[in-house]
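These notes are about the structure you will find just below.
Rule-based calculations on the coordinates, nothing more; no lab input. Every value quoted in this text rests on a predicted model; they were computed, and no experiment measured them. Note that each Cβ is placed from the backbone with ideal geometry, even for glycine, and that neighbours are counted across all protein chains shown.
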């Protein structure tokens, strides 16, 4: 009897808190037509810089998806979320594998994130690794997938994702590393940029780090196998494929 009374008290409270929590979720619908001027992650990097006594200058330039090199788009999808067009926000197989790795390592790193999940995190959250943040990320991801088209999600992601210290979005990254518009990126440059996304402040797409060279070369070969790049492409470009191994 006592438990029943407690349930009658707590169930409405839990329901009310759930409603308030859902109401506190960001308005996804405005992203259909509006491009965000800043993101939670950009602001986090600015605060991080201030904490170290330096000012972090954010370089971000908006570009429509149609003006981004198709080689870059394909390279990023293969490297970051190969099932992007088929899933509804979550790659459950990747999540399971990541969870198995976490359990084995006895650390919760919450890997296996899709592009939609990464976008949710970049737009509204912080890098904090906690169960509560992951649950909030899941809710926002679900709303992004329900409220926006896949192309719009991809466009937003490519324009706000971090590509280096203070460098956000593919247009700023392309101009910073290669001195050209993102529409002009060739396959070799695209694979390099896609390769560094997991750790953009650790790896440099124009450097000679072994991981970058090996991973980008593997990515290049996948693009050839899928017919995205013609095998003889390097013969008509200024940079031969061998440069990946130098």
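Give me the one-decimal nm value for the distance between modelled label points at residue 202 and residue 55, 7 Å along each residue's Cα-to-Cβ direction.
3.1 nm
Using a 10 Å cut-off around each Cβ, can you sort 196, 212 from fewest to most neighbouring Cβ atoms?
Numbers: 196 26, 212 20.
Lowest count first: 212, 196.
Using 1/(1 + (r/R0)^6) with R0 = 41 angstrom and r between the beta carbons of residue 146 and residue 209, what's the FRET efficiency to the nearest 0.05?
Values: r = 39 Å, r/R0 = 0.95.
The formula returns an efficiency of 0.55 here.
Taking all pairs of distinct Cα atoms, average 1/r, flip it, and tell me the Kirkwood hydrodynamic radius of region 149-238 in Å to one decimal place.
Values: mean 1/r = 0.0727 Å⁻¹.
For region 149-238, inverting the mean 1/r across all distinct Cα pairs yields 13.8 Å.
Rounded to the nearest 0.05, what FRET efficiency do residue 135 and residue 93 have when you use their Cβ-Cβ distance and R0 = 22 Å?
Using R0 = 22 Å, I get an efficiency of 0.60.
Quickly work out the residue 43-to-residue 66 label distance, labels modelled 7 Å from Cα along the C-beta direction, and quote it in nm with one decimal.
Here the modelled spin labels are 3.2 nm apart.
Set the Förster radius R0 to 30 Å, insert the Cβ-Cβ distance between residue 218 and residue 85 as r into 1/(1 + (r/R0)^6), and round the FRET efficiency to 0.05. Let's see the in-between values first.
Values: r = 22 Å, r/R0 = 0.72.
Approximately 0.90, to the nearest 0.05.
Among 81, 59, which comes first, second and so on when ranked by fewest other beta-carbon atoms within 10 Å? Could you put the intermediate results ahead of the total?
Working: 81 20, 59 16.
In increasing order of surrounding Cβ atoms, one gets 59, 81.
Using the count of nearby Cβ atoms within 10 Å as a rough guide to exposure, how do 146, 134, 180, 33 rank from fewest to most? Working shown, then result.
Working: 146 10, 134 16, 180 13, 33 7.
Ascending Cβ contact count within 10 Å gives the list 33, 146, 180, 134.
Provide the gained length on full extension for the span residue 77 to residue 165, in nm with one decimal, where the gain is 0.36 nm per separating residue minus the Cα-Cα distance. Intermediate results must be reported in sequence, preceding the final value.
Numbers: separation 88, 0.36 × 88 = 31.68 nm, distance 2.24 nm.
Using 0.36 nm per residue and subtracting the Cα-Cα distance, I get 29.4 nm.
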